[in-house]
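I have placed the structure first, in the form of structure tokens, so that the comments after it can refer back to it.
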Amino acid sequence: MMTENLNSKTKFIFITGGVVSSLGKGLASASLAAILQARGFKVRLRKLDPYLNVDPGTMNPCQHGEVFVTDDGTEADLDLGHYERFSGVACTRHDSVTSGKIYQQVLDKERRGDYLGATIQVIPHVTNEIKNFILSNLADEDFVLCEIGGTVGDIEGQPYLETIRQLAYELGRQRTMFIHLTLLPYIPTAGELKTKPTQHSVKQLQEYGIQPDILLCRSQVPIPQNEKRKIALFCNVREERVIAALDAQSIYHVPMAYSREGLDKEVCQYFGIEAPSANLDKWKQIAEVTENPEGEVRIAVVGKYQLQEAYKSLSEALVHGGIANRYKVKIQWTDAEDIEKNGAAAYLSDVNGILIPGGFGSRGTEGKIQAIRHAREQNIPCFGICYGMQMAVIETMRNVAGVQNAGSSEIDHTCEAVVGLMTEWDKDGRQEVRGSHTDLGGTMRLGAYPCVLADGSKAAAIYNSREISERHRHRYEVNLKYEALLRQSGMLITGKSPDGRLPEIVERQDHPWFIGVQFHPELKSKPFSPHPLFVAFVKAAIDNSRLL
Ligand code: GLN
């Protein structure tokens, strides 16, 4: 086992889920990390996803939600976004894995002959690879929280449960803890919370040799003590470790709620460590602002993915921008295809800001372009992100510069490709080269890249800096040969890669607030350090609301 370089103080908390999916395991893990941090501990969060995709980069966001991107260019599960936002600890490629990736590594080793003729099996070869992932690339963390994706009983999840069972045995129970998140359904006709699904879920875990130490029970209503006692008895867990995870007013209330229910106290007691009680002042402040906003602004997000999880970081970043301005941001989710059918004014006449998010493929693009035109002509603050920026450039080219067939080669090969396939760029001093036949998985311009801002630009004023670093995930870019024409049409390119070859930011001079960015600023926004672009955009929307 890979324990040679492991700091002996590091403890591992494994978080599994049962009964149903979508219980908020990611948020629960992030909240536990936040309260352990609030007691002064150093934490790290990791996600193990049992599905067979090598990463979520090629998955439709309508199925699995947003693809989160780390600084080092890993396309990862959206839970890593919760981890970063709640803990402030930047995730890396060492913090997200899937069965696809694990099997890829095992099969690469098999082809190289590394296994010296052995028969390759789930136990030990796959489980060892998972173990290496869990135990490697750690520093001096006090706690490593590993969330196992899916629900106990999923066929793909079995090797992970087997691995954490083995780890508990190898590292010892004094260094490992199992937390199981379940649901207590409330039956209104009986006026009762039901514990049976939790009992079954724990039985199933026990079949895999895992005895949970803490049960975190999601519930709509407070859990009566006698029900906690019953769960404790049936599930072999101490009564005080059956912890209620009640529906909260907002996600920012969750760390405080867990701490009130005794979660961090029980974790410390379990491991036999003394620590000062959790200082949750910063969470209290955030909760206070969200409970007492000075007003409300309405911002339309004109996208096409029906699932709101597909825009998770984006909606969070808007909320953060609201918190910084002490305002509530009301997001109006607007379908770009509806705009194509009924026109932009039908949906956007009473919004204070319009945001066009990232996206792929042709569906809905004309609706996004119409929304941008509406924002430009009506002086409504407009923020284009990635695809949204590309569409903003196309809109100016078509409707201001008069290039009627301006478009993107992602959508149309016969258009004037103002936006075209990026074929080469520099990454950390190395040249990356792509062609139109390259695999789709993991081949975009991914992760953090520096960007230089033009003196005197709105962007430089907002960032209060000349050089920034932002995360990217795109395959196409605005062609710089149109820069002069764009300038004549009122659109300036005010951010570029340091070598000047890639446009990163555009802004309109003749508009109260019109900015497009080729990167994804939403990925770096946190409640305690809201992203300056979102703070400024929400501020512009508030100013707009005062005009109406
Ligand atoms: N589809 C566009 C590209 O690949 C934009 C990507 C995005 O919005 N993330 O360049």
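Going by the structure shown, is residue 166 in contact with a helix residue (DSSP H, G or I) (Cβ under 8 Å, 6 or more places away or on another chain) and surrounded by fewer than 16 Cβ atoms within 10 Å (Cβ to Cβ)? Let's see the steps before the verdict.
On the way: in contact with a helix residue (DSSP H, G or I) (Cβ under 8 Å, 6 or more places away or on another chain): yes; surrounded by fewer than 16 Cβ atoms within 10 Å (Cβ to Cβ): no.
Against the criterion (in contact with a helix residue (DSSP H, G or I) (Cβ under 8 Å, 6 or more places away or on another chain) and surrounded by fewer than 16 Cβ atoms within 10 Å (Cβ to Cβ)), residue 166 does not qualify.
So that you can scan it fast, the table gives a plain yes or no per residue for (1) surrounded by fewer than 18 Cβ atoms within 10 Å (Cβ to Cβ); (2) within 15 Å of the ligand (Cβ to nearest atom); (3) among the aromatic types (Phe, Trp, Tyr); (4) modelled with pLDDT under 95:
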position: 327; (1), (2), (3), (4): no, no, yes, no
position: 354; (1), (2), (3), (4): no, no, no, no
position: 379; (1), (2), (3), (4): yes, no, no, no
position: 396; (1), (2), (3), (4): no, no, no, no
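So which residues in segment 423-457 are at positive phi and either within 13 Å of the ligand (Cβ to nearest atom) or touching a residue at least 40 places away in the same chain (Cβ under 8 Å) (or both)?
Within segment 423-457, the first condition is being at positive phi, and the residues that meet it are 428-429, 442, 447, 456.
Result: 442, 447.
Just for segment 37-68: of the residues that are among the aliphatic types (A, V, I, L, M) and more than 21 Å from residue 182 (Cβ to Cβ), which one is most open to solvent (accessible area, probe 1.4 Å)? Step through it out loud before you land on a result.
So in segment 37-68, the residues among the aliphatic types (A, V, I, L, M) come out as 38, 43, 45, 48, 52, 54, 59, 67.
In the following step, the residues that additionally are more than 21 Å from residue 182 (Cβ to Cβ) were identified as 38, 43, 52, 54, 59, 67.
Values: 38: 21, 43: 7, 52: 117, 54: 56, 59: 32, 67: 21 Å².
Taking the candidates together, the pick is 52.
Among the residues of segment 1-23, what is the count of those that are open to solvent by less than 10 Å² (accessible area, probe 1.4 Å) and either part of a loop (DSSP other than H, G, I, E, B) or over 17 Å from residue 179 (Cβ atoms) (or both)?
The total comes to 2.
May I ask you to verify whether residue 385 is in contact (Cβ under 8 Å) with a residue 40 or more places away in the chain and surrounded by 21 or more Cβ atoms within 10 Å (Cβ to Cβ)?
Values: in contact (Cβ under 8 Å) with a residue 40 or more places away in the chain: yes; surrounded by 21 or more Cβ atoms within 10 Å (Cβ to Cβ): yes.
Yes, satisfied.
Take residue 192 and tell me if it is at pLDDT below 95, more than 27 Å from the chain's Cα centre (by Cα) and among the acidic types (Asp, Glu). It would help to see each step written out before you state the result.
Numbers: at pLDDT below 95: yes; more than 27 Å from the chain's Cα centre (by Cα): yes; among the acidic types (Asp, Glu): yes.
When the stated conditions are applied, residue 192 passes them.
Out of (1) within 16 Å of the ligand (Cβ to nearest atom); (2) without any contact (Cβ under 8 Å) to a residue 40 or more places away in the chain, the odd one out for residue 505 is which?
If we test residue 505 against (1) within 16 Å of the ligand (Cβ to nearest atom); (2) without any contact (Cβ under 8 Å) to a residue 40 or more places away in the chain, just (2) comes out false.
Within segment 484-539, which residues are open to solvent by 40 Å² or more (accessible area, probe 1.4 Å) and either among the acidic types (Asp, Glu) or touching a Cys at 6+ places or on another chain (Cβ under 8 Å) (or both)?
496, 498, 499, 510
Among the listed residues 406, 345, 401, which satisfies the condition of being more than 21 Å from residue 300 (Cα to Cα), touching a residue at least 12 places away in the same chain (Cβ under 8 Å), open to solvent by 10 Å² or more (accessible area, probe 1.4 Å) and away from the ligand (no atom under 12 Å from the Cβ)? Give the steps one after another, and end with the answer.
Numbers: 406 fails: open to solvent by 10 Å² or more (accessible area, probe 1.4 Å); 345 fails: more than 21 Å from residue 300 (Cα to Cα).
Matching residue, one of 406, 345, 401: 401.
Report every pair of residues separated by at least 6 positions or lying on different chains whose Cβ atoms are under 7 Å apart, first residue within segment 227-248 and outside any strand (DSSP E or B), second at pLDDT below 95 and β-branched (Val, Ile, Thr).
227/195; 230/195; 231/195
What single numbered condition from (1) buried (at least 16 other Cβ atoms within 10 Å of the Cβ); (2) under 24 Å from residue 91 (Cβ atoms) fails to hold for residue 182?
(2)
Listed here are the residues, each with its yes/no results for (1) surrounded by 15 or more Cβ atoms within 10 Å (Cβ to Cβ); (2) within 16 Å of the chain's Cα centre (by Cα).
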position	(1), (2)
80	yes, yes
92	yes, yes
99	yes, no
105	yes, no
110	no, no
116	no, no
136	no, no
145	yes, no
152	yes, no
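Name the residue, out of 539, 526, 496, that is more than 21 Å from residue 314 (Cβ to Cβ) and either touching a His at 6+ places or on another chain (Cβ under 6 Å) or of a type outside the set (Gly, Ala, Ser) (or both). Walk me through how you get there before you give the answer.
Numbers: 539 fails: more than 21 Å from residue 314 (Cβ to Cβ); 526 fails: more than 21 Å from residue 314 (Cβ to Cβ).
The match here is 496.
Quick check on segment 149-184: of everything there that is in a loop (DSSP other than H, G, I, E, B) and in contact (Cβ under 8 Å) with a residue 40 or more places away in the chain, which residue is farthest from residue 203 (Cα to Cα)?
Of the residues in segment 149-184, the ones in a loop (DSSP other than H, G, I, E, B) are 149-154, 172, 184.
Add one more test, that the residue is in contact (Cβ under 8 Å) with a residue 40 or more places away in the chain, and what stays is 149-154, 184.
Values: 149: 19, 150: 17, 151: 13, 152: 10, 153: 11, 154: 14, 184: 15 Å.
The residue in question is 149.
Could you list, in sequence order, all residues of segment 412-422 that are surrounded by fewer than 22 Cβ atoms within 10 Å (Cβ to Cβ), more than 9 Å from the ligand (Cβ to nearest atom) and touching a residue at least 40 places away in the same chain (Cβ under 8 Å)? Reasoning before the result, please.
Looking only at segment 412-422, we keep the residues that are surrounded by fewer than 22 Cβ atoms within 10 Å (Cβ to Cβ), and these are 412-417, 420-422.
Now narrow it down to the ones that are more than 9 Å from the ligand (Cβ to nearest atom): 412-417, 420.
412, 417, 420, listed by residue number.
Residues of segment 24-69 being over 17 Å from the mean Cα position of the chain (by Cα) and in a loop (DSSP other than H, G, I, E, B), which ones?
38, 39, 40, 41, 42, 50, 51, 52, 53, 54
Among the residues of segment 105-144, which ones are in contact with a helix residue (DSSP H, G or I) (Cβ under 9 Å, 6 or more places away or on another chain) and of a type in the set (Gly, Ala, Ser)?
Passing the criteria: 118, 136.
How many of the residues in segment 356-377 are within 16 Å of the ligand (Cβ to nearest atom) and over 28 Å from the mean Cα position of the chain (by Cα)? Don't jump to the end; show me each part of the working.
Our first condition is that a residue be within 16 Å of the ligand (Cβ to nearest atom); within segment 356-377, this holds for 356-369, 371-372.
Cutting the leftovers down to over 28 Å from the mean Cα position of the chain (by Cα) gives us none.
Summing the residues that are within 16 Å of the ligand (Cβ to nearest atom) and over 28 Å from the mean Cα position of the chain (by Cα) in segment 356-377 gives 0.
Look through segment 403-433, keep the residues that are over 20 Å from residue 480 (Cα atoms) and not in a strand (DSSP E or B), and return whichever of them is nearest to the chain's Cα centre (by Cα). Walk me through it before giving the result.
Taking segment 403-433 first, the residues over 20 Å from residue 480 (Cα atoms) are 428-430.
Cutting the leftovers down to not in a strand (DSSP E or B) gives us 428-429.
On the way: 428: 24, 429: 28 Å.
Step by step, filter segment 403-433, then rank; the result is 428.
Which number in (1) open to solvent by 20 Å² or more (accessible area, probe 1.4 Å); (2) under 24 Å from residue 401 (Cα atoms) marks the one condition that residue 455 misses?
(2)
Which residue out of 477, 467 is closer than 30 Å to residue 92 by Cα, surrounded by fewer than 13 Cβ atoms within 10 Å (Cβ to Cβ) and within 26 Å of the chain's Cα centre (by Cα)? Steps first, please.
Working: 477 fails: surrounded by fewer than 13 Cβ atoms within 10 Å (Cβ to Cβ).
Going through 477, 467 in turn, the sole match is 467.
The values are calculated or read from the model by the stated rules, or taken from the named source; none is laboratory data. Note that the structure is predicted; figures quoted are calculated from it, not measured. All Cβ positions, even for glycine, are placed from backbone atoms using ideal geometry, and neighbour counts span all protein chains on display. Surface accessibility is based on the protein's heavy atoms, side chains included, excluding ligands, DNA and RNA. Shrake-Rupley method; radii C 1.70, N 1.55, O 1.52, S 1.80 Å.
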